[in-house]
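First comes the structure, then the notes that go with it.
The values are calculated or read from the model by the stated rules, or taken from the named source; none is laboratory data. Not measured: the values here are computed from a predicted model. Glycine gets a Cβ as well: all are built from the backbone with ideal geometry, and neighbour counts include every protein chain shown. For the accessible areas, the whole protein counts, side chains as well, though only heavy atoms, and no ligand, DNA or RNA atoms are used. Shrake-Rupley method; radii C 1.70, N 1.55, O 1.52, S 1.80 Å.
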Amino acid sequence: MAAVKPCSSSSPHTLYRYLTNPQRIHRPCLFKLPFNSHDRKLRSVRCQTPEFEPKRSAVSSDVTEATSSCSSCIDFLTLCHSLKTTKRKGWVNHDIKGPESIADHMYRMAIMALIVGDLPGINRERCIKIALVHDIAEAIVGDITPSDGVPKVEKTRLEQAALNEMCNILGGGMRAAEIQELWREYEDNASLEANLVKDFDKVEMILQALEYETEHDRILDEFFLSTAGKFQTDIGKSWAAEIIARRNSRLAKKLN
């Protein structure tokens, strides 16, 4: 292999050929490039050659895509704001002052999924995700309860249409598809995770009912009667039993 002859500072064309030689990166550096103003000018010119244009275009494209994605995310999150402000209708119908919001309910369900012990065949992370999205369509349709007289099929249709709209606002893609899948899994009670989260939905409601009974000195039998015998999992049954035992103890003390 022939040695590479060092370039003279008085030979800019030779230096340019060296700098732009595609095989240069495979050759050992046998000398230090002269570092004077003429060399800096050549390096500056080379940095402006067309071969770098595609990279700038790609970066520009990525920035545009990211900006669009950020816009969609903020639009979606703004819509989700109504989950924080819409009060759960069951409590409103019972004249509870300062009742919990839809987001309050989903948040504590997610906490339940977070703290539950490891269970055979149960993906806790998926349970958390299902809890966070199971009522998300209510950002548009509101909290539809049995007292509204809306058939189950129609309620599902309304919520599916609302969810589709929300996912369009999010811009579609993998995250929107995941939200759709998680919501449908819960709606259809189609997995062990969905079974557990449906139990958490009822557990959270009767725990909230007990807290409102204690706070407002009320009797809210309706919520306990509507969930009795409807728990699917051992965890759901045991947690519900603990809540009911505490309620019975409180009621007994109140009578005495």
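Summary table below
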item: Every pair of residues 6+ apart whose Cβ atoms lie under 9 Å, when the first sits in the stretch 238-256 and is touching a residue at least 12 places away in the same chain (Cβ under 8 Å) and among the basic types (Lys, Arg) while the second is open to solvent by less than 70 Å² (accessible area, probe 1.4 Å) and outside any helix (DSSP H, G or I); result: none
item: Qualifying residue in the stretch 167-178 (condition: of a type in the set (S, T, N, Q), at pLDDT 95 or above and closer than 25 Å to Glu100 by Cα); result: no
item: Residues satisfying the stated conditions in the stretch 179-219, i.e. within 29 Å of Leu77 (Cβ to Cβ) and among the polar types (S, T, N, Q); result: Gln180, Asn189, Ser191, Gln208
item: Qualifying position, being open to solvent by 50 Å² or more (accessible area, probe 1.4 Å) and assigned to a loop (DSSP other than H, G, I, E, B), among Lys97, Lys84, Lys129; result: Lys97
item: The stretch 144-177: number of residues that are under 16 Å from Thr78 (Cβ atoms), touching a Lys or Arg at 6+ places or on another chain (Cβ under 9 Å) and open to solvent by 40 Å² or more (accessible area, probe 1.4 Å); result: 0
item: In the stretch 172-193, the residues that are among the charged types (D, E, K, R) and on the phi > 0 side of the Ramachandran plot; result: none
item: Which listed residue is open to solvent by less than 50 Å² (accessible area, probe 1.4 Å) and part of a loop (DSSP other than H, G, I, E, B), from Phe200, Phe223, Phe231; result: Phe231
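So that you can scan it fast, the table gives a plain yes or no per residue for (1) of a type in the set (Asp, Glu); (2) at pLDDT 95 or above; (3) closer than 20 Å to Val197 by Cβ; (4) open to solvent by 50 Å² or more (accessible area, probe 1.4 Å):
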site: Gln208; (1), (2), (3), (4): no, yes, yes, no
site: Glu211; (1), (2), (3), (4): yes, yes, no, yes
site: His216; (1), (2), (3), (4): no, yes, no, yes
site: Thr227; (1), (2), (3), (4): no, yes, yes, no
site: Ile235; (1), (2), (3), (4): no, yes, yes, no
site: Ser238; (1), (2), (3), (4): no, yes, yes, yes
site: Arg246; (1), (2), (3), (4): no, yes, no, yes
site: Leu255; (1), (2), (3), (4): no, no, no, yes
